[in-house]
Structure formats: structure tokens, C-alpha cells
Amino acid sequence: MMRYTEEEIKSLWLDFLSRTEYGLSLSRIMDEYPDERSLVVKFGDMVEYNPNFAEDFLKYPEIYLSKGEEAIREYINEDIEIHLRVSTLPKDRRKDIRDLRSVHLGQFISIEGIIRRATEVRPKLKIGAFICSDCGNITYVFQEGTRLQQPAKCAHCGKSRPIVKFRLSIEKSIFVDTQRVEIQENPENLRGGEQPQRLSAYVEDDLAGILVPGDRVVLNGILRPRERRLFGNVKTTEFDIFLDVVSIDKEKKELESIEITEEDEERIKEEARKGDIIERLRDTIAPTIYGMKVEKEALLLQMFGGVPKKMKDGTRIRGDIHILLVGDPGTAKSQLLQYMAQLAPRGIYTSGKGSSAAGLTATAIKDESGRWTLEAGALVLADMGLAAIDEIDKMSSTDRDSIYQAMEQQIIAVTKAGIYATLMARCSILGAANPKYGRFDPNRPLVEQIDLPTPLLSRFDVIFKIVDVPNPEKDRALAKHILNAHLVGEMLQLEEENILVEDYTPKIDLEFFRKYVAYAKRNIFPKLSDEAMSLLEKKYVETRKLYEETHAVAITPRQLEAMIRLAEASARARLSDVVTREDAERAIRIVEYFLKEASTEGGIIDADLLYTGISSRQRSVMEKIDLIMRKLIDEKGFAQEDEILEEAKKIGIEEMKALRILEKMHREGLIREVRNGVYKYV
Ligand code: ADP
Ligand code: MG
């Protein structure tokens, strides 16, 4: 039962307006009308004014809002429509989509989540002006539902259909902008393995066009039923639900959904002070996965990320660190990805094969009513978080095209079917790929064995190659580790205590871990110290210098950037505002480790080999062979193998090597063999 009569509700609103500063806000709105046409009232202020009034509002929002809008008109003493929008419900008042039941119908509720889909903004007829075919006068009909409601009879001459016909006057009618969106539960609020549920929501007038897929929001509004129609418009007794949105609270700060209390903050700072924090956090990551210490350390730094920079000319340098794991099957790649997606704030695990229409990036699709709808893919949903993409080599060709932009500019532009939208995808990517031919062939360059284009590979800051080579000592340790993990798992089920349990229990509890990361990302923006800067510079120049001896480009500017980001992340993880020498050293260690694993030729690190599959030494030999061939072809129109080899020998290239290069050029389609041992350019 309502506590107040409708009249009382109106007087309470009037009293509320005159006693609070909202009365003042109204006069400001009046100045800006019609650009401004909503009065946003914080729910907390209603509670403060009168708790009963506020409680009742939640139960009977329809009446309260319409009486409130009447009160506003009376207060400003003008007959214009100002929306009353109640917002900002306390967190404990929010509902989970999965918990919505029929008792909530008609109530004011608050839903937190990510906007998964949003349609184009389109006008909807609100008040139809119908011209009578007989007397020419206008009858107004307030429109409800999706079907056009015509007048039953003319309000002036009184004649009814079908004796007279009505024509809709566009000029005299009143339209309102509308948009339909779909909100999906935040992944971090899901209990392990649950599929996120979605709810349709409907926004109108000045709220239309605000929401974009990927937005983290709280939608407040009235839960309404919608009839389910069968084919041929047959009515049924089953209903769908949707949210009639009254107000939108946008999450302004990233990671706002992770709450950090003062006590938490104390503990976070204390843990950081204790030292070895990076090692301790690292050992917390997937303790059941054996070894991979460097990989885990990099994954940890990825969670913190470097510091994004904005340049004067408007360009942005990403701070997010992208990591790729390529490895033999069964090396715990998928396991690690799933773990990280759960651990990282705003983490999402998905497969390149893609389960939704939107795939990894975003797409425009037609919804049930035929409106174009923008749907966010994994990278947009993971905005400000981590996107773990398993089997990234299997992604669709559309994703392949748009993932470049997502990785570097961190936006996804959709231009399809008249929709031009830019969605934010400020996430770090953790990808995993299997070798093209099942297993790694140690004698072939890495890139040749992964089904990913070179420009894409080069956008990863760190590429770990994980090979599964039998090694009795390592195998024994790994087997023991896995067996023990199972044993511990069994004991945990029996709730038995055992010393072993400790080794498989994260050193730091995951809830706290997440808070720690969120705190660091929110508050710590480290700057490079001179010492760190000169160390990185020195390392870069020194490594580049090796070129003179080895003719291999051991490092490229991309790895320098990677080192900077890793060093910044390291400082962040220690809650330090300064990137110290130790941070720089840590970063250098990681980059050298992965370059060595992924791009060595004859013991020499070669970054070109990693990204192009051709080492720079090979390249310079190839260039020389190329010159020889050009000369021969210029002279005779073709190049003969024995002549090439002879010329090559003269400048110190061994026969075997020259033959290998020829074979490679042939394989890559640079040259063709017209006769046995006779070559021409393609
Ligand atoms: P991938 O995705 O690399 O093919 P998975 O993540 O599916 O491999 O792992 C296969 C199985 O092998 C998993 O059950 C995983 O726990 C186990 N495994 C592989 N390597 C390790 C390791 N280093 N430590 C513990 N378990 C491992
Ligand atoms: Mg796998």
C-alpha cells in the first residue's frame, strides 16, 4: 500500500523542491531549455528528505515520477516538459539481472553492467496529430506501444473510421528520440563459469545516444513486462522483461567497481613495503602451473601496465602491454590465459574462433525489429582490462583487419550500414597460438610456424615461445608438480590438512591481489629516473651495435618501447612513483629472455628473424645474391645457377649458403626457375 495519496505525493515533491537546492537547479535548467530538459535528483537526497517518501518511490515509481513532473511544472509555473530523473542508488540497492523476478515488475531498480549492444537513435512518435479527411481538423492521440494508434473518431466532427480517414501530420506531431540497448552483467561479478546474462533497456529523449557498446554503466529505471508475440502476432501469456530507463550513471573512473577501503589501502602499502612484492605476486599466479617464472612475471607486469602518454600533437602512446604465447600443444597456455582473465580486473577470456557475432572487435547487425545495432566484441568489453584471446591465430578475417588498430590506437572503428562509430578498446591483449604444423620445428624461424601476419606479431611487446622438449630432469619435476596438484585437490575435497597444500595455495589471496592491482593502476603513474633512462638507452645502443659484428639487428625500437612499458609496470607493481634502475633491469631481463628464446639464429639474437622469418644476416647475403642475379639478368636476360654460385664465391659466400638463399627466394616466390638451374625474376 502506498503511504501517501497522489495529492500528498505532489505536495511532498513541491516541498522537496523548495527545501533542497533542486529548486535552484530547476531555474538553471529553465535558462538552458530546451537543450537541458532533465532534472536529475540523487536518490540519497530523497532519503535524507524523507525516508518513507524515498522507500515508497522505489515501489511505485510510475506515480511518483508523474506526480513529480507535475510538481515541477507547478514549481516553474510553465507548461513545458522537464523530465524527473532519479539517479545514484546505493550499491546495495543494485540488482543482478539473473535475480530479476516478477515481483520486480513496475518497481524502480538499478542494474550495473556493460553495454553490449546499442541501436541507432531513431525518432518515435509520441503524440500523433491526425487530420480528419472530412473536416480537416486535428485529433491528437498519445502513442503507446509499438503499433500506431489512430483515433477511433474525429474529436471535432465526431465521424469515425472508416467513414473518414486520418492522415498523420508530421509537423504537428511530437516525436521523441529513442534507442534500445542491451546491458550485460559485469564479468567480474560472475561466479566462476557462469554465462553473463543480458537485459534489454529502452532510453528516450535526452538519454538517447549517450550509451555506446563497451560503456560501464548503472542503469536506473522501471522494470516492465513486454508481451511475447508468436508468429502472426498471436498474443501469449508469457512476457519478456525490459528496463524503461529513467537515469544513467556512467562509471567515470576505471576499475570503479573494485572497492578499496582505507584498511585495504593500509594493507596494500604495507605489503609493498615488505619487499619482494613482485616475486610474491608472481608466485601467486597459477601456482598449479609448474615453472614458467619469466612468463608469469611478464603476465604480472601486464596486469599493471605501463603509463599511457598523450603527446602535444594529440597522439597517444599506449601503456598497455600485449603478450603472445606461442607454444606446443599441452604446455598450459590455455590454462594460463583462463587464469589471468579471472584474476585481472575486467578480464575476459575468449577464443579467436569466436562465439558471438561480434567476434573479437565489433560488428553492426540487424536486431529483431530491423534496426541496425552495434554489438561490442571481446576487446571492447575488456576496455580498461585484459582480453585473453586463445587460439588467436584462428580469428576471422574481419577481426584480423581491425585488431591492428585495436592494438595500437586502442579503438575500434565500425563503418558499416551507415553506422560510423568508434568504440574504445583500451585493453591489454594476452594471446595464445599453436604452431601451424602441430609442433615447433627448432630449425625453422618462429614466424613461419605461426599463422599470424608479421605486422600483427610486431605489435606484441613480448612473444614467448614455449616448447615441449623432453628433458628427464624437468619432466620429473613437472610430473611431480602435476601429481601433487591432483593430490592436493583430492585432499581439499576431503578437507584434510597437509603441508603440501601450502605450495599450491596462492601466497596472496586473490581478492586482495585484485585490489592491489586496481589501487596501483588508479594511483601510481611512475616516471623514468635518469638512471633507468640511461640504462635502457645504453642497452639499446649496445645491442644495436652488435650489428657491426654479427650483422644481426638484435633489437628494434619496438623492443625499446616494450622495455619502457615493462619497467614502468615494474615500478607500479612496487607502488613506486619512480622507475628505478632495478625496474629497468627487470624489463631488460624479460625482453632479452624472450628474444633469445624466440629469435636466435646460431646463438645470435636477431629481431628481424622474429618478425620476418629472415634474419638480418640472411638478408644481407640475400641482398648480395640479389645484386648478382640482377647483373646476370641484365646481361643475358636470365641467371644461371652455376654462374650465380661462382660470383657469390668471389665475394665470400659459400656455395651451400648461396644455394639455401636461392631456394628460399624461390620458395617465397621472388624468383622462378624457368629451366633446370636457370632463374628469372617473377
Ligand atoms: P595448451 O593450451 O598449451 O595446449 P592446456 O592449457 O590445455 O595446453 O594444458 C594441457 C594440460 O597440461 C593442462 O591440464 C595443464 O594443467 C597441464 N600442464 C601443461 N603444462 C603444465 C605445467 N607446466 N604445469 C602444470 N600443468 C601443466
Ligand atoms: Mg590450448
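Only the coordinates and a few stated rules stand behind these numbers; no lab work does. In this text the structure is predicted, and so the values were computed from the model without any measurement. Note that each Cβ is placed from the backbone with ideal geometry, even for glycine, and that neighbours are counted across all protein chains shown.
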Using a Förster distance of 30 Å, how high is the FRET efficiency between Lys631 and Arg558, based on the Cβ-Cβ distance and rounded to 0.05? 0.30
Scattering profile of segment 11-85 from the Debye formula, Cα beads only, expressed as log10 I(q)/I(0) at q = 0.21, 0.23, 0.24 Å⁻¹, is -0.90, -1.07, -1.16
Within 10 Å, count the other beta carbons around each residue, average over each peptide in 30-39, 428-437, 299-308, and list them highest first. 299-308, 428-437, 30-39
Mind pulling the angle between the C-alpha long axis of helix 655-667 and the longest principal axis of the chain? Nearest 10 degrees, somewhere in 0 to 90. 30 degrees
Kindly state, to the nearest 0.05, the FRET efficiency for Glu55 paired with Ser396, given R0 = 41 Å and r defined as their beta-carbon distance. 0.20
Isotropically averaged projected area of segment 1-126, using the convex hull of Cα atoms (one quarter of hull area), nm²: 9.6 nm²
Normalised by the empirical 2.2 N^0.38 Å for globular proteins, what value does the Cα Rg of segment 208-353 take? 1.53
When the chain is fully extended, how far beyond the present Cα-Cα distance does Leu670 get from Lys91, taking 0.36 nm per residue of separation? 202.1 nm
Too long at a 19 Å Cα-Cα cut-off: which of Lys126/Lys416; Lys274/Lys515; Lys296/Lys465? Lys126/Lys416
To the nearest 20 debye, what charge dipole does segment 400-444 have about its Cα centre, counting +1 at the Cβ of each Lys and Arg and -1 at the Cβ of each Asp and Glu? 140 debye
Rounded to the nearest 0.05, FRET efficiency between Lys172 and Ser18 (Cβ-Cβ, R0 25 Å) equals 0.10
Give, in whole angstrom and from largest to smallest, the semi-axes √(5λ) of the equivalent ellipsoid of segment 267-406, with λ running over the eigenvalues of the Cα gyration tensor. 31, 21, 14
Given a cut-off of under 8 Å on Cα pairs at least six residues apart, what relative contact order in percent is computed for the chain? 10 percent
Using Cβ contacts closer than 10 Å as the measure, can you line up Thr20, Thr415 from fewest to most? Thr415, Thr20
What are the principal axis extents of the Cα atoms in the chain, in Å, biggest first? 106, 70, 52
Express in whole angstrom the spacing between the alpha-carbon centres of segment 160-175 and segment 73-101. 33 Å
Give the list, by residue number, of cysteines in the chain with no other Cys Cβ closer than 4.7 Å, or say none. Cys427
Note the full-extension length gain between Ser160 and Asn471 as 0.36 nm times their separation in residues minus their Cα-Cα distance, in nm to one decimal. 102.9 nm
DSSP-defined beta bridges in segment 321-404 - what % are antiparallel, rounded to 5: 50 percent
Once Lys and Arg get +1 and Asp and Glu get -1 on their Cβ, which of Ser397, Leu148, Gly352 lies farthest toward the positive end of the dipole of the chain? Leu148
What are the semi-axes of the equivalent ellipsoid of segment 257-322, taken as the square roots of 5 times the eigenvalues of the Cα gyration tensor, listed largest first and rounded to whole Å? 26, 20, 11
Sticking with the crude label model, points 7 Å out along Cα→Cβ, report the distance from Glu511 to Phe239 in nm, one decimal please. 3.8 nm
Highest mean packing first, using Cβ neighbours within 10 angstrom, the peptides 216-223, 98-105, 40-47, 264-271 sort as 216-223, 40-47, 264-271, 98-105
Gyration tensor on Cα atoms of segment 326-391, a ≥ b ≥ c root eigenvalues, a/c under 1.5 rounded, else prolate if a/b beats b/c, else oblate, says prolate
Determine the dipole magnitude for the chain: charges of +1 sit on the beta-carbon of Lys and Arg, -1 on that of Asp and Glu, nothing else is charged, the reference point is the Cα centre, and the result goes in debye to the nearest 20. 1900 debye
Only bridges whose two residues both fall in the chain count here: according to DSSP, what percent of them are antiparallel, nearest 5? 70 percent
How big is segment 391-496 on each of its three principal axes, counting only the C-alpha atoms and giving the largest first in Å? 61, 45, 22
Taking only Cα atoms, what is the 0 to 90° angle, nearest 10, from helix 616-636's long axis to the longest principal axis of the chain? 70 degrees
Between Lys269 and Arg316, the two model label points (7 Å from Cα along the beta-carbon direction) sit apart by a distance in nm of 3.1 nm
Quick one: angle between helix 22-32 and the longest Cα principal axis of the chain, in degrees between 0 and 90, rounded to 10, please. 80 degrees
How much mean residue ellipticity at 222 nm does the chain get from its helices, if each DSSP H run of length 4 or more adds -39500 (n - 2.57) and you divide by all residues, to the nearest 500 deg cm²/dmol? -12000 deg cm²/dmol
Positive end of the charge dipole of the chain (Lys, Arg +1 and Asp, Glu -1 on Cβ, about the Cα centre): tell me which of Thr178, Tyr75, Met533 has its Cα farthest that way. Thr178
Strictly greater than 28 Å: what percent of every Cα pair in segment 58-201 meets that? 44 percent
